[in-house]
1. Could you identify the single residue in Leu350, Leu326 that is in contact with a helix residue (DSSP H, G or I) (Cβ under 7 Å, 6 or more places away or on another chain), surrounded by 13 or more Cβ atoms within 10 Å (Cβ to Cβ) and more than 21 Å from Ser283 (Cβ to Cβ)?
2. Considering only residues that are without any contact (Cβ under 8 Å) to a residue 60 or more places away in the chain and not in a helix (DSSP H, G or I), look in the range 194-208 and name the one that is nearest to Ser153 (Cα to Cα).
3. Of (1) crowded, with 18+ Cβ neighbours inside 10 Å; (2) farther than 23 Å from Ala39 by Cα, Ser146 satisfies all except one. Which?
4. In the range 114-165, what count of residues is obtained for those that are among the hydroxyl-bearing types (Ser, Thr, Tyr), free of Cβ contacts under 8 Å to residues at least 40 places away in the same chain and in contact with a strand residue (DSSP E or B) (Cβ under 7 Å, 6 or more places away or on another chain)?
5. Pairs under 6 Å by beta carbon, first residue free of Cβ contacts under 8 Å to residues at least 40 places away in the same chain in the range 343-354, partner surrounded by 14 or more Cβ atoms within 10 Å (Cβ to Cβ) and basic (Lys, Arg), six or more apart or different chains?
6. Would a scan of the range 224-231 turn up a residue that is modelled with pLDDT under 95 and surrounded by fewer than 20 Cβ atoms within 10 Å (Cβ to Cβ)?
7. Working carefully through the options Asp90, Asp133, find the one that is in contact with a Ser or Thr (Cβ under 7 Å, 6 or more places away or on another chain) and not small (Gly, Ala, Ser).
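The values are calculated or read from the model by the stated rules, or taken from the named source; none is laboratory data. These numbers were taken from a predicted model, which means no experiment stands behind them. In this analysis, Cβ positions are derived from the backbone assuming ideal geometry, glycine residues included, and neighbour counts consider all displayed protein chains.
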Amino acid sequence: MSDIFSNIEQLEELSYDYPDRYFFNARITIDKIETVEVAFGVEFSNMYKMFLTHFNGGMILENEESYYIDMTDFEPDGPKASSFYFYRLDEMVDKYRTFRLDNWLLDDNFDGIYPLIPICHTPQNEIVFLVSDKGLITTSPVFKASEFNYDKSCVKVADDFNQFLNLYIESNGFPELKPNAENPSLQLFMKKYNVLEIANEQESHDQVIKRTTAMIELEPDNSWDYCVRGSAYNYSGEKNKALDDFSKAIKLNDNEAFFYHCRGDLLLNYGNPRRALIDLDISVKLNPENRMYRSGRADVFYKLGKLRKSLHDCNIILDEDPVYELALDTRYRIYNAIGDDERANADLKLLNEIR
């Protein structure tokens with residue numbers, strides 16, 4: 001079998017010699033690829049990255065281009081749908097996002113960094129994909145699975161991306177993807193190499209900052225990435241950077257109550273309760289049913305000495321949820337402050353029971 005460099009060189013020569021059947025996009029820079037990796041917390045195999053730096057997606061047509069001219073009415077994607085089509089980097093990202101939202105091929109409760117990287121689709125609506133190499137002691141094999149039929153098996157079809165590319169070139173773009181006889185199951189591979197455990201590892205604040213910074217580079221108008229990065233800056237003690245990010249998130253989306261809550265909580269913790277009240281009040285007005293937002297406002301009312309208003313917010317929450325700890329703790333402090341020892345002791349007893 002040829003190595004990755006030889007396969008890429010061969011594909012380049014074929015694309016030059018047969019331009020009516022070999023359709024591959026111009027290369028993409030390694031910086032762009034690595035930004036995507038950091039933004040989503042994944043790592044592509046080096047062989048796949050090498051491929052992208054020469055061909056940013058593409059396909060080999062089964063027939064010459066003229067064959068597909070009249071197909072657009074009933075098959076808008078034309079040869080894309082009937083070929084083994086390698087996704088462009090942006091198309092791969094879109095497909096990755098969809099699969100991540102659905103936890104495609106994973107348990108519905110999976111909540112880590114999604115580790116499956118779709119790289120190609122087949123004419124049979126199957127997805128060819130890699131597992132993220134992040135944290136692995138081996139390079140990911142290539143797997144295939146039906147995009148829509150979960151009852152069909154998901155199997156390994158090549159030991160690595162280079163072997164898959166070799167099969168692809170040797171078959172003129174239409175390989176017969178047979179299950180690899182040795183450990184063909186995705187589940188067996190993930191279990192052997194602790195894929196889900198790696199994907200579920202807790203990110204450090206520095207890792208979150210690095211990841212969201214890369215995501216912001218890709219999508220500078222995504223307000224949630226600013227908020228996530230702001231929270232990481234906050235936990236790292238970088239108050240001014242956190243404040244800037246929360247403010248940027250609000251500027252991009254001034255109807256999201258959570259952003260005001262985050263900025264208000266930051267201002268409160270750093271000794272500016274009057275400014276904090278403005279934000280925390282807005283968060284409650286935008287989403288009055290949210291107990292966390294109302295509890296935050298109750299806390300700032302308490303610290304400003306507005307005990308009646310603070311108690312009112314606490315009681316609204318505790319009437320609905322008598323063991324909501326944040327509101328219960330604030331009410332306990334209010335009762336202490338006004339000398340209502342009986343009620344303070346009752347709240348303290350309940351706090352001790354639920355902690």
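1. Details: Leu326 fails: more than 21 Å from Ser283 (Cβ to Cβ).
Sole residue among the options that is in contact with a helix residue (DSSP H, G or I) (Cβ under 7 Å, 6 or more places away or on another chain), surrounded by 13 or more Cβ atoms within 10 Å (Cβ to Cβ) and more than 21 Å from Ser283 (Cβ to Cβ): Leu350.
2. For the range 194-208, the residue satisfying everything is Asn194.
3. With (1) crowded, with 18+ Cβ neighbours inside 10 Å; (2) farther than 23 Å from Ala39 by Cα applied to Ser146, the lone miss is (1).
4. 1
5. Hits for this filter: Asp347/Arg331.
6. So in the range 224-231, the residues modelled with pLDDT under 95 come out as none.
No: the range 224-231 contains no residue that is modelled with pLDDT under 95 and surrounded by fewer than 20 Cβ atoms within 10 Å (Cβ to Cβ).
7. On the way: Asp90 fails: in contact with a Ser or Thr (Cβ under 7 Å, 6 or more places away or on another chain).
Testing whether each residue is in contact with a Ser or Thr (Cβ under 7 Å, 6 or more places away or on another chain) and not small (Gly, Ala, Ser) leaves just Asp133.
Yes/no matrix, rows are residues, columns are (1) in contact with a Gly (Cβ under 8 Å, 6 or more places away or on another chain); (2) aromatic (Phe, Trp, Tyr); (3) under 19 Å from Lys80 (Cα atoms):
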{"site": "Asp3", "(1), (2), (3)": "no, no, no"}
{"site": "Leu11", "(1), (2), (3)": "no, no, yes"}
{"site": "Tyr22", "(1), (2), (3)": "yes, yes, yes"}
{"site": "Ala26", "(1), (2), (3)": "no, no, yes"}
{"site": "Asp31", "(1), (2), (3)": "no, no, no"}
{"site": "Val38", "(1), (2), (3)": "no, no, no"}
{"site": "His54", "(1), (2), (3)": "no, no, no"}
